[in-house]
Amino acid sequence: MVKITKEDALAYHHNGRPGKIEVKPTKPYRTQTDLSLAYSPGVAYPCLEIQKNIDDAYKYTDKGNLVAVISNGTAVLGLGDIGATSGKPVMEGKGLLFKIYGGIDVFDIEIDEKDPEKFCDVVEKIAPTFGGINLEDIKAPECFYIEERLKKTLDIPVMHDDQHGTAIISAAGLKNALEVAGKDIAKVKLVINGAGAAAISCTKLYLALGAKAENIVMLDSKGVITVDRKDLNSQKMLFATKRKDVHTLEDAIKGADVFVGLSKGNILTQDMIRSMGKSPIVFALANPVPEISYEDAMASRPDVLMSTGRSDYPNQINNVIGFPYIFRGALDVHAKAINEEMKLAAVIAIADLAKQPVPDVVNDMYRVNDLTFGPKYFIPKPVDPRLITEVSAAVAQAAIKSGVARKTITDWDAYKKGLMQLLGQETKLTRKLHDTARLHPQRVVFAEGGHPTMMKAAVQAKTEGICYPILLGNVDRLKRLAQRLKLDLTGIELIDMRADQEQGRRATFAKHLAEKLARKGYTFEEAYDKMYERNYFGMSMVEQGDADAFITGLYTKYSNTIKVAKEVVGIRPEYKTFATMHILNTKKGTYYIADTLINRHPDENVLYDVAKLCEHSVKFFNDEPVMAMISYSNFGTDEVGSPTKVHAAIERLQKEYPDLAVDGEMQVNFALDKELRDDKFPFTKLKGKDVNTLIFPNMSSANGSYKLLQALAPEAEIIGPIQMGLNRPIHFTDFECSVRDIVNITAVAVIDAYVEKIKENK
């Protein structure tokens, strides 16, 4: 599990613009006409239309995509009653999750009121602003009353996610776990440890799936909830058992089929699991410490089916699998409520998704995962791109069928396509890269270990579980720098390539390099001297198998680094050169730009290789390359100068690879505007296709283009440079790279290294 320090968390929330969310205009506002349309006098017209028909608010305002995350701060994330304002960072965080996963806008609203009646009064008064309301971090039993009242008085979806989010995901998981175990929900014995809002809601949903009340035993902090107890509220009374033979968790769990923990850590023992029935299902959902650790549960017996709330173990019960898509579907049909039919539809959709063949972005993403329905995978992963289409559509359909929808959807294929386009690509690729790298962390050498940015990135990459870092540099200096930066180097290997104890490795590396370059005048002595340099030593570690990948660039001139890479690891035999690309994630989509770093003035043969390298790399990122080779002319309009080499490269590529989607030379605007391109040049091989890969005629134009976009569109996410064509995972950074940039490159390097291992083992 990722280790978070107080300093990191505070810096994350404070640095730059404080907080995690903002409001952005969605309409033009540059001209006086724009402003007159946005406000006075133009704004009067939609106001009058809404006055005539109140539902037109969905047509002319953001109401249909706006959710209020509302809390009074009485039960904040394991922190308890810390107050409304103190809980605001959590509500902003929930808003961020709504946005990145569901494309939903959020206003977080913190109400300083504990009285449920007064709290509801406030919410009811502001409700016309929103298309839905997500209640958050309100303590039980008040949360039950608040939700029920608001559901009755308001005509928009209201959901207390602490209750229903966990319930929906755990119900989907339980449905599938029972299928894996070969058990009937109507016959299984369930133990629910915890009796708060989440536990109550989970149990209600299990009943809706077919569980029998007489087979359920619920416990709170005082023990088993029985009918003869006098301290029970109305919610707990619903699940009070008549049994006289159970008083403790140890009593209740004997012979049980299912344990669901929504309580506190380390209260379930291995012996208790051993006392359960065949193929027991254990959902230990307390966070951050589960009722029993995953390791202990799996060690207790071989047939246990385990789920936790943690991302570092299989079958995570994560609310983010549910609430963005439940609200997405509800909003898209302008629903008046989130009812039981919609919740059940979400449960079934989530459960069914886990049983379908897992797509490339999740299963064998870049050919590194192997997820199939079974004991280790019965709940979809949060990164599964199908969640937004399958769950949202299921919820929307249920809303229509149950009569709470104001709007009907008829073309469901078009609806799902619209959902896929809704979020664009921004940040998605990064999340996928990190999630994939985390599954198979590799040993990564960081050349400039003594650079503060590089060291911070290495520590963060380790903390996130992306890699096992190795820092090169003077060990004492590295430790002093870490102390100054307040960084924990525990678990990070420190290597001084110049130290006496590294004499043996320097000699081994030098011998290999001298033999490799013997026909280029290299002697052992010269090679040995080179091994005092971080790039020679670090790349040799990868070449000789002492590490899996190498990151360099913050201190080093590229010309020197390129020379070292060619000497130590070499270029893949099928190519004459290597290159780099940058990935740009924009709201319009993902674009690949090459060559941004290596080849200053490429000839037609180099451009040919760069195009082939791009094809391979774009497919590596699970995308289908559609490539345009860029120049200042279009398709031979200029027969002298640099366009001629681009034209020649295209001719060769199209002759040797007729199925490859590549054409040019062309100007950038024609590459990116397919309507313009197809109208003016209908003969192009790219007709009807959206270009995603731009190959520039020289390094200046490629480098300048991506940096111009970076400066003009700071919201665009840029990943790179990404090395293409070397024999080993040697990756470069820019000297201006941020910590996050280096972590992103590290994730790419890790995936690159793992894919290479797979190829070598075949």
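Quick notes
Matching residues to (1) in the same structural domain as Leu77 (by TED's automatic domain parsing); (2) surrounded by fewer than 19 Cβ atoms within 10 Å (Cβ to Cβ); (3) touching a Pro at 6+ places or on another chain (Cβ under 9 Å):
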| position | (1), (2), (3) |
| --- | --- |
| Lys118 | yes, yes, no |
| Val123 | yes, no, no |
| Ile126 | yes, yes, no |
| Lys139 | yes, yes, no |
| Cys143 | yes, no, yes |
| Leu150 | yes, no, no |
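- Among the strands (runs of 3 or more DSSP E) confined to segment 688-762, the ones with at least 1 residues that are of a type in the set (A, V, I, L, M), under 27 Å from the mean Cα position of the chain (by Cα) and surrounded by fewer than 24 Cβ atoms within 10 Å (Cβ to Cβ) are located at 717-724.
- Beta carbons closer than 7 Å, at least 6 apart along the sequence or on distinct chains, pair a first residue in segment 246-268 that is among the hydroxyl-bearing types (Ser, Thr, Tyr) with a second that is in a loop (DSSP other than H, G, I, E, B) for Ser263/Gly194; Ser263/Ala286; Ser263/Glu291.
- Here Thr590 clears all of (1) in contact (Cβ under 8 Å) with a residue 60 or more places away in the chain; (2) farther than 23 Å from Lys432 by Cβ; (3) in contact with a Leu (Cβ under 7 Å, 6 or more places away or on another chain) except the condition numbered (2).
- Test: residue in segment 609-625 that is farther than 21 Å from Glu665 by Cα, part of a loop (DSSP other than H, G, I, E, B) and free of Cβ contacts under 8 Å to residues at least 60 places away in the same chain: no
- Residue check, Arg677 of a type in the set (Lys, Arg), crowded, with 17+ Cβ neighbours inside 10 Å, in contact with a helix residue (DSSP H, G or I) (Cβ under 6 Å, 6 or more places away or on another chain) and in a helix (DSSP H, G or I): yes
- Restricting segment 618-638 to residues that are of a type in the set (Ser, Thr, Tyr) and surrounded by fewer than 17 Cβ atoms within 10 Å (Cβ to Cβ), the residue that is farthest from Leu433 (Cα to Cα): Thr637
- When the residues of segment 307-323 are filtered to those that are crowded, with 24+ Cβ neighbours inside 10 Å and not in a loop (DSSP other than H, G, I, E, B), the one that is nearest to the chain's Cα centre (by Cα) is Ile321.
- Here Val542 fulfils each of the conditions (1) assigned to a helix (DSSP H, G or I); (2) exposed (fewer than 13 other Cβ atoms within 10 Å of the Cβ) apart from (2).
- Only one of the numbered conditions (1) surrounded by 15 or more Cβ atoms within 10 Å (Cβ to Cβ); (2) closer than 22 Å to Gly720 by Cβ is violated by His647, and that is (2).
- Helices (runs of 4 or more DSSP H) (entirely within segment 397-486) containing at least 1 residues that are modelled with pLDDT of 90 or more and closer than 30 Å to Glu340 by Cβ: 412-422
- Unmet requirement for Thr410, which otherwise passes all of (1) out of contact with any Ser or Thr (no Cβ under 8 Å at 6 or more places or on another chain); (2) hydroxyl-bearing (Ser, Thr, Tyr); (3) in the same structural domain as Ile492 (by TED's automatic domain parsing): (3)
Residues are listed down the side, and each one gets a yes or a no for (1) surrounded by fewer than 21 Cβ atoms within 10 Å (Cβ to Cβ); (2) touching a His at 6+ places or on another chain (Cβ under 9 Å); (3) of a type in the set (Ser, Thr, Tyr); (4) modelled with pLDDT of 95 or more:
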position: Phe537; (1), (2), (3), (4): no, no, no, yes
position: Thr552; (1), (2), (3), (4): no, yes, yes, no
position: Tyr555; (1), (2), (3), (4): yes, yes, yes, no
position: Ile562; (1), (2), (3), (4): yes, no, no, no
position: Lys566; (1), (2), (3), (4): yes, no, no, no
position: Pro573; (1), (2), (3), (4): yes, no, no, no
position: Phe578; (1), (2), (3), (4): no, no, no, no
position: Ile583; (1), (2), (3), (4): no, no, no, no
position: Lys587; (1), (2), (3), (4): yes, no, no, no
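- Residue list for segment 507-534, restricted to those being surrounded by 13 or more Cβ atoms within 10 Å (Cβ to Cβ), part of a helix (DSSP H, G or I) and out of contact with any helix residue (DSSP H, G or I) (no Cβ under 6 Å at 6 or more places or on another chain): Ala507, Thr508, Lys511, His512, Lys516, Glu526, Asp529, Arg534
- Selected residue (criterion: nearest to the chain's Cα centre (by Cα)) from residues of segment 578-632 that are under 23 Å from Asp734 (Cα atoms) and of a type in the set (Phe, Trp, Tyr): Phe621
- Selection within segment 65-107 - acidic (Asp, Glu) and within 27 Å of Lys432 (Cα to Cα): Glu92, Asp105
- Within segment 654-674, the set of residues being among the hydrophobic types (A, V, I, L, M, F, W, C), under 18 Å from Asn698 (Cα atoms) and buried (at least 17 other Cβ atoms within 10 Å of the Cβ) comprises Val662, Met666, Ala671.
- Of all the criteria given as (1) in a helix (DSSP H, G or I); (2) under 20 Å from Val260 (Cα atoms); (3) out of contact with any helix residue (DSSP H, G or I) (no Cβ under 6 Å at 6 or more places or on another chain), the one not satisfied by Ala186 is (1).
- Segments classed as helices (runs of 4 or more DSSP H), wholly inside segment 1-92, with at least 2 members that are charged (D, E, K, R): 6-14, 44-52
- Filtered by the rule that a residue be in a helix (DSSP H, G or I) and either without any contact (Cβ under 8 Å) to a residue 60 or more places away in the chain or charged (D, E, K, R) (or both), segment 545-567 gives Ser559, Asn560, Ile562, Lys563, Val564, Lys566, Glu567.
- Hits in segment 106-127 (condition: in contact (Cβ under 8 Å) with a residue 12 or more places away in the chain, farther than 16 Å from Val69 by Cβ and part of a helix (DSSP H, G or I)): Pro116, Cys120, Glu124
- Checking Val227, Val180, Val191, Val217 one by one, the residue that is surrounded by fewer than 16 Cβ atoms within 10 Å (Cβ to Cβ) and β-branched (Val, Ile, Thr) is Val227 and no other.
- Leading residue by the ranking (modelled with the lowest pLDDT) among those in segment 699-742 that are aliphatic (A, V, I, L, M) and within 22 Å of Lys432 (Cα to Cα): Ala716
The values are calculated or read from the model by the stated rules, or taken from the named source; none is laboratory data. Small disclaimer: the values here were computed from a predicted structure and weren't measured. Backbone-built Cβ (ideal geometry, glycine too); neighbour counts: all protein chains shown.
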